[in-house]
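Q: Sending over a structure as C-alpha cells; questions will come in a sec.
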Amino acid sequence: MELEPRLFAEHLLAGDDVAALLYVQKALEHFSHTDVYEHVMTPAMYHVGDLWEQNKITVAEEHLATGVCDFVLAQIDHRDPPAAEAPRVLLCCLEGEEHYLGLKMAASIFRRYGWHVRFLGPTLPLEHVLKDAAQFQPQVIGLSGALAYRIPQLKASVETLKAETNADIIISGRTALIYDLGAQVGYAAATIASLEALENWLEDGNEGTANATI
Ligand code: B12
C-alpha cells in the first residue's frame, strides 16, 4: 500500500469522517502510527493549509478538515494504561497558540511508550501551566508552536518553566520545522522537530538531553 496524503485530505475536506477513518485504519495495517501521523495526516493538513492560503478552500472547509482529522486521531489512539511508576509528561500549547493537532499526535506517541500523559491542548496561560505542573510533577513538559511571532513568548516561557519546575522542557511544532528553534529559544529546552525524532528520543532514554537540539 502506498500512503496517499492527498486522498486523505480529500476525505477531510469532504467532511467524510467515515472514509477518513477507514483510510487510516487500512494504512495502520501496513504502517506504524508514527508513519501515519507523519506521512499521511500531517502532510494532508499542510496541504489544507496551502489551499487555505491560496484561497482555494474556505475557512469553513479548513475547520471541517481539522475537525475530521482530530476525530480520526482520537479514534486510533488506543493504548494500554500506564504503570503507576511510569514517567509523566505534560503537553500544552501556550496562551494564544491554537494549533494543537501535532501536540496531540505527540501525546499519542508518549502513551504508546507507556508514559502518563497530561494533554492540556491549545492556548494555556503560563500561570496555569505552572500550577498544573506543580500538581502533576512531570519529568517532561512539551510545548508546541506553529506561529513564528510567538517564538519570543516561547523563549520567555521556557525560561520560567525551567526556573520554576524540575521538568526537562521539549519544544516543537511547525516553528521547529522552519526555524532553528534551539538557537532562538536557547538551550534550556530540547528541540524535537518531528515525531520520528520523538520516538528516537523515547527509545534512547531521555535523561541528559535537555541541552541538546535533536
Ligand atoms: C488547522 C489550522 C488552523 C486551525 C487550528 C486548529 C487546531 N485544532 O489545531 C485554526 C483555524 C484555529 C488556525 C488558526 C490560525 N492559523 Co492556522 N493553520 C492550520 C493548518 C491548516 C494546519 C495545522 C495542523 O494541524 N497541521 C498538522 C500538524 C500535525 O502539524 P504540526 O503542528 O507542524 O505538527 C508536526 C510537527 O511540528 C510535530 N509536532 C508538533 N507539535 C509537537 C509537539 C511535540 C512535543 C513533538 C515532539 C512534536 C510536535 O509533530 C507533527 C508531525 O510531524 C496550518 C497549515 C500548516 N502548514 O500547518 C495553518 C497555519 C499554521 N495557520 C496559519 C495562520 C496564519 C493562522 C492564523 C493566524 C489565521 C488567522 N488569520 O486567524 C490563526 C492563528 C490562531 C492562533 N492564534 O493560534 C499559518 C501560519 C503562517 C505563519 N507564517 O506563521 C499556516 C501555516 C497556514 C498558512 N499556510 O498560511 N489554524
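Q: Would the range 40-159 count as rounded, prolate or oblate if I go by the C-alpha gyration tensor, calling it rounded below 1.5 in a/c and otherwise prolate when a/b exceeds b/c, oblate otherwise?
A: oblate
Q: Relative to the Cα centre, what is the charge dipole magnitude of the chain, using +1 at the beta carbon of each Lys and Arg, -1 at the beta carbon of each Asp and Glu, and rounding to the nearest 20 debye?
A: 400 debye
Q: Here is a further query. How do 197-205, 175-183 rank on mean C-beta neighbours within 10 Å, highest first?
A: Top to bottom by mean Cβ count within 10 Å: 175-183, 197-205.
Q: What share of all Cα pairs of the range 5-75, in percent, falls into each consecutive 5 Å distance bin?
A: Pair shares across the bins are 3, 19, 32, 25, 13, 5, 2, 0.
Q: Dipole magnitude of the range 5-75 about its Cα centre, charges +1 at Lys/Arg Cβ and -1 at Asp/Glu Cβ only, in debye to the nearest 20?
A: With Lys and Arg at +1 and Asp and Glu at -1, about 100 debye.
Q: Still on this structure, I have one more. Decide, for the range 88-204, between rounded, prolate and oblate: order the square roots of the alpha carbon gyration tensor eigenvalues as a ≥ b ≥ c, take rounded if a/c falls under 1.5, and otherwise choose prolate if a/b is larger than b/c, else oblate.
A: It comes out rounded by the Cα gyration axes.
Q: For a test of the definition: using alpha carbon positions, the gyration tensor, and the 1.5 limit on a/c, classify the range 44-114 as rounded, prolate or oblate.
A: Here the range 44-114 falls in the prolate category.
Q: Oh, and also: Determine the calculated [θ] at 222 nm for the chain from helices alone, applying -39500 (n - 2.57) to every DSSP H run no shorter than 4 residues and normalising by the residue count; nearest 500 deg cm²/dmol.
A: Taken over the chain, the calculation gives -15000 deg cm²/dmol.
Q: Which residue fluctuates the most in the chain, going by a Gaussian network model with Cα springs under 10 Å, if the choices are GLY67, GLY49, GLY186?
A: GLY49
Q: A further question follows. Take the alpha carbon atoms of the chain, find their radius of gyration, then divide it by 2.2 N^0.38 Å using N residues; give the quotient.
A: 1.01
A short reminder: the numbers here are calculations on the coordinates, not readings from a lab. Keep in mind that what you see is a predicted model, and the values were worked out from it rather than measured. Neighbour counts run over all protein chains shown; Cβ positions are idealised from the backbone, glycine included.
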